[in-house]
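A.B. asks: Quick one: structure below, then a few questions.
The values are calculated or read from the model by the stated rules, or taken from the named source; none is laboratory data. Here the structure is a predicted model, which is why all the values come from computation and not from measurement. Cβ coordinates were reconstructed from backbone atoms using ideal geometry, including for glycine residues, and neighbour counts include every protein chain displayed.
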Amino acid sequence: MTLDDLRVFVAVCEAGNLSAVARDLACSQPAVSQHVKRLERETGLALLERLPRGVAPTPAGRILYRAAAEGIAGLGTALRRLDDLREGAGGTVRVATGATTVRHFMARGVAAFRERHPEVTLQFETAASSGRCLEAVKAHGADLAWVTVGPRFDGVEQRPSCELPWVLAVRTDDPLSHRASITLGDLAGLRYIELPPHSTSRLHLERHLDQHGVRLTSTTGVADWDTALLLAELGLGHAILPALPGWAYGPGGVVSLVPIPDLPPLTAGWAARQWDALSPLAQEFADTVVRHLAT
């Protein structure tokens, strides 16, 4: 069993096709098959099953795939760090983020970190949801992820960093804009701009509204919080959102952000596979972001 055997096997499991892997590796299909057969001889188990179109891992194959994929990804991370040491480079911090994360939560922290470490490479990968960010961390695609903290996610540690109270984003020509706060009963019957499907924030909101028997009517949906706020400005409905840093509307504005104190705050923070295993640079980056967020 060699590292090449495992790499080819992982590629076959992900592609579901021997020919596709052979093309990617610029080798023959029999050569790809030999890597898999060698693993099957050593394990004494069938690792792939043939389908009408392509192949799929057997139950034994799925066990080996998960372990091999994780190990290869971890090895890749280690090799990149060794390259940094060999070349005298400053290192790399890879961060998975949502669409609005850098603007609202990281801007000052990123600037402060860059000032101290101009030689460090910062790589930001935008993901559509906190779930996707967590998956990127688990798969070694990122060192850190800024997420809406939610249920336990196997293989990833989540660390709460701040709380986000809920607000109703409403045009100033709406009677609700003049309220000091909004009750849950006030939300019933509003034209609600739906938050992203399956997002932690939407699940959090709908769970608490359901507990109080509040049902919302929706005519519009969005992919991120900033878009929901913009649509509220345009008068397409009311947006129920976590109050993000950088959102400020005063007298003369088009939109008011009215607190909804009966909704429990949303929690945001960092996620990593293992905090103790993070590089010193990644730990410093995470701490810098949180410190500047607090100020």
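A.B. asks: What pairs can you find where one residue is in the range 1-24 and farther than 17 Å from Thr58 by Cβ, the other is not in a helix (DSSP H, G or I), and their Cβ atoms are less than 8 Å apart, with a gap of 6+ or different chains?
C.D. replies: Once the first residue is farther than 17 Å from Thr58 by Cβ and sits in the range 1-24, its partners that are not in a helix (DSSP H, G or I) give Ala22/Ser28.
A.B. asks: Given the range 37-152, what strands (runs of 3 or more DSSP E) lie entirely inside it while holding 2 or more residues that are within 23 Å of Leu281 (Cβ to Cβ)?
C.D. replies: Once the strands (runs of 3 or more DSSP E) in the range 37-152 are filtered for at least 2 residues that are within 23 Å of Leu281 (Cβ to Cβ), what remains is 92-97, 121-126, 144-148.
A.B. asks: Would you mind finding the one in Ala271, Ala243, Ala228 that is modelled with pLDDT of 95 or more and within 30 Å of Arg94 (Cα to Cα)?
C.D. replies: Selected residue: Ala271, the only one of Ala271, Ala243, Ala228 that is modelled with pLDDT of 95 or more and within 30 Å of Arg94 (Cα to Cα).
A.B. asks: Sticking with this structure for a sec: Quickly run through the range 49-74 and pick out the residues that are of a type in the set (Asp, Glu) and closer than 19 Å to Ala20 by Cα.
C.D. replies: Glu49
A.B. asks: Looking at this structure, is Gly131 in contact (Cβ under 8 Å) with a residue 40 or more places away in the chain and either out of contact with any strand residue (DSSP E or B) (no Cβ under 9 Å at 6 or more places or on another chain) or among the acidic types (Asp, Glu) (or both)?
C.D. replies: In short, no.
A.B. asks: How many residues does the range 179-194 hold that are out of contact with any Leu (no Cβ under 7 Å at 6 or more places or on another chain), in a loop (DSSP other than H, G, I, E, B) and not basic (Lys, Arg)?
C.D. replies: 5
A.B. asks: Of the numbered conditions (1) closer than 28 Å to Trp146 by Cβ; (2) part of a helix (DSSP H, G or I); (3) touching a Leu at 6+ places or on another chain (Cβ under 9 Å), Leu176 fails exactly one; give the number of that condition.
C.D. replies: Of (1) closer than 28 Å to Trp146 by Cβ; (2) part of a helix (DSSP H, G or I); (3) touching a Leu at 6+ places or on another chain (Cβ under 9 Å), only one is false for Leu176: (1).
A.B. asks: Cβ-Cβ below 8 Å, separation at least six or inter-chain, first residue in the range 109-126 and surrounded by fewer than 14 Cβ atoms within 10 Å (Cβ to Cβ) and at pLDDT below 95, second of a type in the set (Lys, Arg) and in a strand (DSSP E or B): which pairs?
C.D. replies: From the range 109-126, the pairs are Gln123/Arg94.
A.B. asks: Further question on the same structure: Just for the range 166-183: of the residues that are farther than 16 Å from Pro242 by Cβ and touching a helix residue (DSSP H, G or I) at 6+ places or on another chain (Cβ under 8 Å), which one is surrounded by the most Cβ atoms within 10 Å (Cβ to Cβ)?
C.D. replies: So the residue we want is Arg171.
A.B. asks: Here is a list of conditions, (1) surrounded by 13 or more Cβ atoms within 10 Å (Cβ to Cβ); (2) on the phi < 0 side of the Ramachandran plot, and Arg41 meets all of them except one; can you say which number that is?
C.D. replies: (1)
A.B. asks: Residue check, Asp287 against (1) farther than 24 Å from His208 by Cβ; (2) of a type outside the set (A, V, I, L, M, F, W, C); (3) at pLDDT below 95, all met but one. Which one?
C.D. replies: So the condition that Asp287 fails would be (3).
A.B. asks: Name the single residue that is surrounded by the fewest Cβ atoms within 10 Å (Cβ to Cβ) among those in the range 25-36 being free of Cβ contacts under 8 Å to residues at least 12 places away in the same chain and part of a helix (DSSP H, G or I).
C.D. replies: Pro30
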